[in-house]
Amino acid sequence: MARKVILFITQTLDGYIANSDGKIDFLWNDKFSTGSVVDREYEKLSKRVNTVIMGRHTYNQIVNGMSPNDYPYAGYENYVMTTHPLPDEDNIHFVNGEVAKLVSDLKAKSSKGDIWIIGGSNVIAPLVNADLIDIYHIGIVPIILGKGIPLFSDRVIPKELSLESAKKVNEIVYVEYSH
C-alpha cells in the first residue's frame, strides 16, 4: 500500500496558522482543549506516520521556542526544507531542494508509515500544486485574528477536495478532506 501524505495542521477560524509576527502560541489555549472529550487526533496521527517534513522557519520555531530542550519529533525521520542546510543530526535531514521531489521520492519508497507535512506555505503550496497531499486534516480553533500568516498562500492553484469527515472535539473542529 502506498504511503499517504497528510497535512495535519491547526488554523484560526479565519484561516491563519500564525499571527503577523509568526507566533502560534494562541493556538494552544486550554479553553479549546479542555472539556468532556479527550482530544486524540494528534495521538491517532502519531501512530500512523513515521516521517515529518517541515520548513526551516517551523523547525526554528520548534527548537528555539516551543520545545528547545525536548525535540517533539525525535521518534520520526525528519526532513527540514532550507536554502541554508546544516549537517544532518541523527534523524534530522536538512534538505536544499524541491519539496515536491522529496515527497515524490519518499512516497515511492516502501514504508509502514505515512508522511506528515508541518509548516507554512513554502512547504505546503508546492505540494498542493503537485497534487501530493492525500489527506488534509485541519483543526480549526475559535479565534479570529483578522490578519496573519494564512494556511494557504496565493501561490496555491485552486483545488477541489472531498470532505471525508468533520467533528467537534471540545472547542476545536476537525475537518478532513481528500483529493
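The values are calculated or read from the model by the stated rules, or taken from the named source; none is laboratory data. Everything numeric here is computed off the predicted structure, so don't read it as measured data. Cβ atoms come from the backbone with ideal geometry, glycine included; neighbour counts cover every protein chain shown.
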**Request:** Just need a number here: residues in segment 130-147 that are surrounded by 14 or more Cβ atoms within 10 Å (Cβ to Cβ) and either closer than 24 Å to Glu160 by Cα or modelled with pLDDT of 95 or more (or both).
**Result:** 11
**Request:** Would you be able to tell me the number of residues in segment 1-11 that are over 13 Å from the mean Cα position of the chain (by Cα) and modelled with pLDDT of 95 or more?
**Result:** 1
**Message:** Every residue in segment 130-173 that is hydrophobic (A, V, I, L, M, F, W, C), closer than 25 Å to Lys101 by Cβ and without any contact (Cβ under 8 Å) to a residue 40 or more places away in the chain, please.
**Reply:** Ala130, Val156, Ile157, Leu161
**Item:** Selection from segment 158-179 of residues that are of a type in the set (S, T, N, Q) and outside any loop (DSSP other than H, G, I, E, B)
**Value:** Ser162, Ser165, Ser178
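For every residue, the table says whether it meets (1) surrounded by 18 or more Cβ atoms within 10 Å (Cβ to Cβ); (2) touching a strand residue (DSSP E or B) at 6+ places or on another chain (Cβ under 9 Å).
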residue: Arg56; (1), (2): yes, yes
residue: Val63; (1), (2): no, no
residue: Asp70; (1), (2): no, no
residue: Gly75; (1), (2): no, yes
residue: Leu86; (1), (2): no, yes
residue: Val99; (1), (2): yes, yes
